[in-house]
Amino acid sequence: MQMFIRKVPIICLTYYNNADVFQFDTENYSYLSQSGDGNNADVNQQGWYNWSDLYQSGDDNNIDVAQFMEGNNSYVNQWGDDNNGDVYQEGFHNWSNLLQGGDDNNADVYQDGFWNGSDLFQSGNDNNADVTQFGESNYSYIDQYGNGNNADVTQVGVGNMSFETQGGNNGDVSVYQEYWP
């Protein structure tokens, strides 16, 4: 096996930002742009044709992306302060879009299998969203705006779909679905 570290443009503006990118195997791609102070981004891609596109602006934000196997795609965009976004994808052709703005928001996406997809949007402060998907062709959509909202989605099996939208303050949504044909 050979280790290739290429196709990794990293742009860090202002002070005390950190970026670590590790890519192993063939044709992995990562783009990273940070502005503000105290931001951190870690990318670990192993396998073939994985792609990550990461942006963050503000102060003290954190992004962690880990993708394993083939054809996984991740897009993360955070703005504001003290936000955290974690994406873990293992398998084939999983994809995730994570956008959050405001302060003190947290989002975690965990996908294991084939063709799972996640769209996660948060705006406001102190929001939390967790997506966990195992299996094949599952899809989750979460849109939260306001403050102090929480969404938790777990989908196991094949072909599950979940759509959550909540606005206002201190809302709580929890979804568990399992289907095996």
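Quick note: the coordinates plus some simple rules give every number you see, no bench work behind them. Only a predicted model underlies this, so the values are computations on that prediction, with no experimental measurement involved. Here the Cβ is made from the backbone with ideal geometry for all residues, glycine too, and neighbour counts use every protein chain on show.
Couplings for the stretch 105-110, taken from phi via the Karplus curve 6.51 cos²θ - 1.76 cosθ + 1.60 with θ = phi - 60°, read 8, 9, 9, 10, 10, 10 Hz in order; Gly and Pro are left as x.
Which FRET efficiency, nearest 0.05, do SER137 and SER35 yield, Cβ-Cβ r, R0 25 Å? Write out the running numbers ahead of the final one.
Numbers: r = 37 Å, r/R0 = 1.46.
Between SER137 and SER35 the formula returns 0.10.
Ranked by the mean number of other Cβ atoms within 10 Å per residue, highest first, peptides 56-62, 166-172 order as 56-62, 166-172.
Under 5 Å from the amide H of GLY171 lie the amide H atoms of ASN149, ASN150, each residue being 5 or more positions distant or on a separate chain, with H modelled from the backbone and absent for Pro and chain starts. Under 19 Å from a label point set 7 Å out along the Cα-to-Cβ vector of GLU27, the amide N atoms of the stretch 97-139 belong to 115. Here the stretch 10-179 yields Rg over Rh of 0.98, to two decimals, using C-alpha coordinates and the Kirkwood radius. Only Lys, Arg, Asp and Glu carry charge here, each on its Cβ (+1 for the first two, -1 for the last two); on that basis the stretch 10-179 has a dipole of about 380 debye about its Cα centre.
Per-residue 3J(HN,Hα) values for the stretch 131-144, derived from phi via the Karplus relation 6.51 cos²θ - 1.76 cosθ + 1.60 with θ = phi - 60°, read 10, 10, 9, 10, x, 9, 6, 8, 9, 10, 10, 10, 10, 10 Hz in sequence order (x marks Gly and Pro).
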